[in-house]
Amino acid sequence: PGGHTADLVVFGGTGDLSMRKLIPALYHCDRDGRLSPETRVIAMSRGGLTDADFRGKVDAEVRDQVPVDDPAMWQRFLGRLHHVSVDVGGTDESGWNAVSALLAGHESRDRVFYLASPPRTFGPFCRELAEAGLVTPRSRVVLEKPLGHDLPSARRINDEVGAIFDERQIFRIDHYLGKETVQNLLVLRFANAFLEPIWNSLWIDHVQITAAETVGTPGRRGYYDHAGALRDMVQNHLLQLLTLTAMEPPARNDREAIRDEKVKVLQALRPITGTEVDRFTVRGQYTEAGDMPGYLDEPASTAPTEASRRVETFTAIRAEVRNWRWAGVPFYLRTGKRMPYRRSEIVVQFKDVPHSIFPGGTPNRLVLRLQPEEGIELHIMAKEPGAGEVTPKPVPLSLSFGETFTARVPEAYERLLTDVLAGNPTLFMRRDEVEAAWRWIDPILDAWKDDPTLPEPYQAGTTGPAGAHELLGRSGRAWHEEE
Ligand code: BG6
């Protein structure tokens with residue numbers, strides 16, 4: 001069972017991402033028989049832990065997050081874990097020597113270097129890795145987002161990593177691509193005959209892509225002040241959802257064929273520049289409400305600065321894809337912290353019937369829900385039962401993954417780690433994709449930087465600032481809200 005034997009080296013291996021997502025996902029892979037018996041996980045950090053310390057930490061922090069039905073299996077899993085302290089960017093080479101010693105004699109294994117660390121460390125890490133002679137032909141490197149903070153910095157990182165690894169060895173993560181519904185979008189669109197003929201501007205009025213979260217940013221100000229919603233969520237997750245919704249049918253279910261089509265969508269995005277930024281984008285920042293603090297009052301190790309006051313915790317954008325299929329169809333994107341619900345979804349709003357013979361009526365809508373409950377809903381019109389006047393009523397045809405398929409829905413990271421270990425890059429971003437996304441984002445960032453006004457305030461627990469509603473309202477449209 002479990003495919004190739006691999007050594008998975010996680011840099012930032014004791015950090016938040018590792019302890020909350022990667023280690024639990026690896027445990028699930030192990031439990032499902034998808035890790036070969038010899039596969040090892042080697043965490044690297046500055047922490048100075050021994051293998052035993054690290055296993056103790058995982059036992060204390062991860063065991064409660066996962067189902068442990070067989071204690072012996074859990075112990076076997078812990079036995080795969082190792083820890084090495086490495087001083088990346090420093091002068092002490094003892095850490096790298098320890099990694100070399102651990103990997104020596106295992107050159108024929110797949111070697112995966114997972115960088116769960118800030119992007120500025122990607123280049124130095126790869127360089128030191130190469131200097132230590134640890135990059136084999138069977139090596140891969142996994143890069144966590146954010147990949148830079150604008151196009152030039154993304155290019156620099158891609159150049160630095162590309163100096164050591166071939167593009168086919170580089171796996172850039174966007175964990176949204178690991179979500180079941182996101183992969184299902186391709187099956188829904190390209191394994192069913194009825195959607196494709198109406199999947200265009202003749203039949204679709206507009207598309208809404210929302211990623212709403214109830215959480216704020218406690219303890220994350222250091223990162224978030226310099227990221228903001230546009231870099232943190234739109235450049236990657238929301239644009240990925242947009243590309244999968246808008247792409248042309250690929251000729252094959254093949255890594256390059258799919259990614260080629262996605263890049264074409266990003267390249268077709270109409271640039272939003274200069275004064276248009278004000279018309280087509282909205283920035284918001286949450287303020288205190290009840291027991292929820294405002295962004296500036298979130299617990300943090302440092303006091304808020306000018307950057308904190310200017311950063312957006314919410315953004316909404318009206319995007320357009322300039323090609324034959326989508327001409328004139330707005331794609332509205334929105335994401336925010338401290339909204340009233342946690343919900344990620346793609347809403348495809350169809351046009352009204354060409355000629356209505358019934359009173360009233362609501363145009364059809366297809367909702368693809370990524371979370372909280374993964375599912376698909378098609379809102380159709382049906383006759384309300386009764387002997388009186390015929391009145392159409394919107395009713396949902398719905399598919400809940402949880403109810404229809406009894407298998408456990410895996411976490412995004414399980415799918416992605418399985419693919420990395422198998423060497424399948426389809427669900428990872430290619431260099432040109434990441435750069436095309438930044439190319440569209442950069443002019444918006446520039447215009448915001450030059451804009452003296454602050455983000456529009458919205459109360460914590462509400463659906464964002466007034467501007468977000470006007471963005472759709474001025475063309476007679478409205479955001480799809482919880483029903
Ligand atoms: C991350 C962002 O990439 O995605 C976080 O950095 C955000 O700010 C998270 O909370 C959302 O992921 P999910 O899977 O909970 O929608």
(request) Out of the residues in segment 369-391 that are free of Cβ contacts under 8 Å to residues at least 40 places away in the same chain and within 16 Å of the ligand (Cβ to nearest atom), state the one that is surrounded by the most Cβ atoms within 10 Å (Cβ to Cβ). (result) 373
(request) Working only within segment 431-458, note down all residues that are under 21 Å from residue 240 (Cβ atoms) and open to solvent by less than 30 Å² (accessible area, probe 1.4 Å). (result) 433, 434, 435, 436, 437, 438, 440, 441, 442, 444, 445
(message) Testing residue 72 on (1) of a type in the set (A, V, I, L, M); (2) open to solvent by 50 Å² or more (accessible area, probe 1.4 Å); (3) touching a Phe, Trp or Tyr at 6+ places or on another chain (Cβ under 9 Å), one condition comes back false. Which one is that?
(response) (3)
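The rows are residues; the columns are (1) modelled with pLDDT of 95 or more; (2) open to solvent by 10 Å² or more (accessible area, probe 1.4 Å); (3) within 16 Å of the ligand (Cβ to nearest atom); (4) part of a strand (DSSP E or B).
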position: 325; (1), (2), (3), (4): yes, yes, no, no
position: 345; (1), (2), (3), (4): yes, no, yes, yes
position: 348; (1), (2), (3), (4): yes, no, no, yes
position: 367; (1), (2), (3), (4): yes, no, no, yes
(message) Every residue in segment 398-426 that is of a type in the set (A, V, I, L, M, F, W, C), farther than 19 Å from residue 36 by Cβ and open to solvent by 30 Å² or more (accessible area, probe 1.4 Å), please.
(response) 399, 405, 407, 409
(message) Whether any residue in segment 298-311 is surrounded by fewer than 24 Cβ atoms within 10 Å (Cβ to Cβ) and of a type in the set (Lys, Arg) is what I want to check.
(response) yes
(request) Those residues that are of a type in the set (A, V, I, L, M, F, W, C), touching a residue at least 12 places away in the same chain (Cβ under 8 Å) and part of a helix (DSSP H, G or I), I need them from segment 45-73; list them, please. (result) 54, 58, 73
(message) Are there strands (runs of 3 or more DSSP E) fully within segment 91-200 with at least 1 residues that are open to solvent by 10 Å² or more (accessible area, probe 1.4 Å)? List them.
(response) 139-143
(request) Please find, among 39, 14, 5, the residue that is within 16 Å of residue 103 (Cα to Cα) and crowded, with 21+ Cβ neighbours inside 10 Å. (result) 39
(request) Tell me which residues, restricted to segment 343-401, are under 27 Å from residue 239 (Cβ atoms) and of a type in the set (Lys, Arg). (result) 343, 351, 365, 369
(message) Looking at (1) without any contact (Cβ under 8 Å) to a residue 40 or more places away in the chain; (2) under 21 Å from the mean Cα position of the chain (by Cα), which one does residue 252 not meet, given that it meets all the others?
(response) (2)
(request) Would you point out the residue of segment 201-216, among those that are open to solvent by 20 Å² or more (accessible area, probe 1.4 Å) and more than 16 Å from the ligand (Cβ to nearest atom), that is nearest to residue 324 (Cα to Cα)? (result) 201
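The values are calculated or read from the model by the stated rules, or taken from the named source; none is laboratory data. What you are looking at is a predicted structure, and each value in this text was computed from that prediction instead of being measured. All Cβ positions, glycine included, derive from the backbone under ideal geometry; neighbour counts span all protein chains shown. Accessible surface is based on the protein model in full, side chains and every heavy atom, while ligands, DNA and RNA are left aside. Shrake-Rupley method; radii C 1.70, N 1.55, O 1.52, S 1.80 Å.
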